[in-house]
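Peer 1: Quick one: this structure, given as structure tokens, is what I'll be asking you about.
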Amino acid sequence: MPGVFNLSVDEVVKEARETAALGVSGLILFGLPATKDEVASGAWAENGIVQQAARAIKREVPDLILMGDVCLCEYMSHGHCGVVSSGAGAQSLGAAVASPPAITGDYEILNDATLELLARIAVSQARAGIDVIAPSDMMDGRVAAIRKALDQAAFLNTPILSYAAKFASGFYGPFREAADSTPQFGDRRSYQMDGANLREAMREIEEDITEGADMIMVKPALPYLDVIAAARERFDLPLAAYQVSGEYAMIEAAARNNWIDRDRVMMESLLSIRRAGASMIVTYYAKEAAKLLA
């Protein structure tokens, strides 16, 4: 991904300053831990990388809105977005958080055990200064579990931006490579959405709103403009769309081969997302677009 880098905490503070100065209202933080395990402990640790970055940014750029991606894949040794069982039966993580058995052949994503960890991550991020909690895991019931945990921890006014319609897409490749989060076995189709099923997307969005989502997200953006438009027509909540790494990489690759006008196509792609109905766009082009719009 040309021009996109994994940043240390001091460098991300510099990036935050530049972003705010350009008029971009917020950033979403993803973490790359020094080590990974089978319970994503780096995601909910008090001194986790996202927590460190959030505190540092808030000290230097307090008015910048920080969103925290809440998922397990970057922190899991196996790259899945949930706790994995090899078929030995569901196990509650409980207070101690035990590792699941080694994966041998068939496996199962343990939805309810994953919710426990997602709730811990959300509270940990809110304590570190994250303004908006953004769960991207696609587990059933995660919004309700996170809302309950935030309220119990006295973060009643911390909003949830739910990745309500996140599709099992081939457009995530560059990010997964950068984050070393590609599943080591199987795939994510059992919990991410079927790209052919628009009606399921509407049901998933509605369920997340019922559970307490304050904002909703469609991901990816360009291949799912019809989903964005349908969601805008049906739901009266702030609607975000995520222009993902593969979308970015395709534009960059074509521009480097002089096949397209990079800036023109970049802005046209963002305009199409906005025209479809997105009120917020998460994009790697935020700084470049802000410069052109100034």
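Peer 1: Using a simple charge model, +1 on the beta-carbon of Lys and Arg, -1 on the beta-carbon of Asp and Glu, nothing else, what dipole does the chain show about its Cα centre, in debye to the nearest 20?
Peer 2: 560
Peer 1: Using a 1.4 Å probe over the heavy atoms of the protein chains, calculate the carbon and sulfur portion of the accessible area of the chain as a whole percent.
Peer 2: 50
Peer 1: Going through the cross-link list Lys36/Lys287; Lys148/Lys287; Lys14/Lys148; Lys58/Lys148; Lys58/Lys166; Lys219/Lys291, which pairs have a Cα-Cα distance over 27 Å in this structure?
Peer 2: Where the Cα-Cα span goes over 27 Å, the pairs concerned are Lys36/Lys287; Lys148/Lys287; Lys14/Lys148; Lys58/Lys166.
Peer 1: Of Arg199, Arg234, which has the most accessible area and how do the rest follow, probe 1.4 Å?
Peer 2: On the way: Arg199 185, Arg234 130 Å².
Sorted descending by solvent-accessible area, the residues read Arg199, Arg234.
Peer 1: If you don't mind, another one. Using only Cα atoms, tell me the angle between helix 9-21 and the longest principal axis of the chain; keep it within 0 to 90° and round to the nearest 10.
Peer 2: Compared with the principal axis, the helix lies near 40 degrees.
Peer 1: Ok, one more. If each DSSP helix of 4+ residues adds -39,500 (n - 2.57) and the sum is divided by the residues in the chain, what number results at 222 nm, nearest 500 deg cm²/dmol?
Peer 2: It comes out at -13000 deg cm²/dmol, rounded to the nearest 500.
Peer 1: Which order, highest average first, do 143-152, 248-257 follow once you tally other Cβ atoms within 10 Å for each residue and take the mean per peptide?
Peer 2: Result, highest mean first: 143-152, 248-257.
Peer 1: Given the peptides 130-138, 163-171, arrange them by the average over their residues of other C-beta atoms within 10 Å, most packed first.
Peer 2: Values: 130-138: 24.2, 163-171: 22.1.
Sorting 130-138, 163-171 by mean packing, highest first, produces 130-138, 163-171.
Peer 1: Put +1 on the Cβ of each Lys and Arg and -1 on the Cβ of each Asp and Glu in the chain; which of Ala294, Val132, Gln192 then has its Cα farthest toward the positive end of the dipole?
Peer 2: Looking along the dipole axis, the top candidate is Ala294.
Peer 1: Helix 142-152 versus the longest principal axis of the chain: what angle, 0 to 90°, nearest 10, using Cα atoms?
Peer 2: Taking Cα atoms only, the helix is inclined about 80 degrees.
Peer 1: Can you tell me the mean projection area, over all orientations, of the convex hull of the chain's alpha carbons? Units nm², please.
Peer 2: Mean projected area for the chain: 15.2 nm², to one decimal.
Peer 1: Further, regarding this structure: Given the whole protein assembly as supplied and a 1.4 Å probe, what does the accessible area of Phe5 come to in Å², nearest 10?
Peer 2: 150
Peer 1: Considering only protein heavy atoms, what per residue accessible area in square angstrom results for the chain with a 1.4 angstrom probe? Present the calculation step by step, with values, prior to reporting the outcome.
Peer 2: Values: 13470 Å² over 294 residues.
Per-residue value: 46 Å².
Peer 1: Thr210 accessible area, nearest 10 Å², 1.4 Å probe?
Peer 2: 120
The values are calculated or read from the model by the stated rules, or taken from the named source; none is laboratory data. The structure presented is a predicted model; accordingly, all values stated were derived computationally and were not measured. Cβ: placed from backbone, ideal geometry, glycine included. Neighbour counts: every protein chain shown. Side chains included, ligands, DNA and RNA excluded: accessible areas come from the protein's heavy atoms. Shrake-Rupley method; radii C 1.70, N 1.55, O 1.52, S 1.80 Å.
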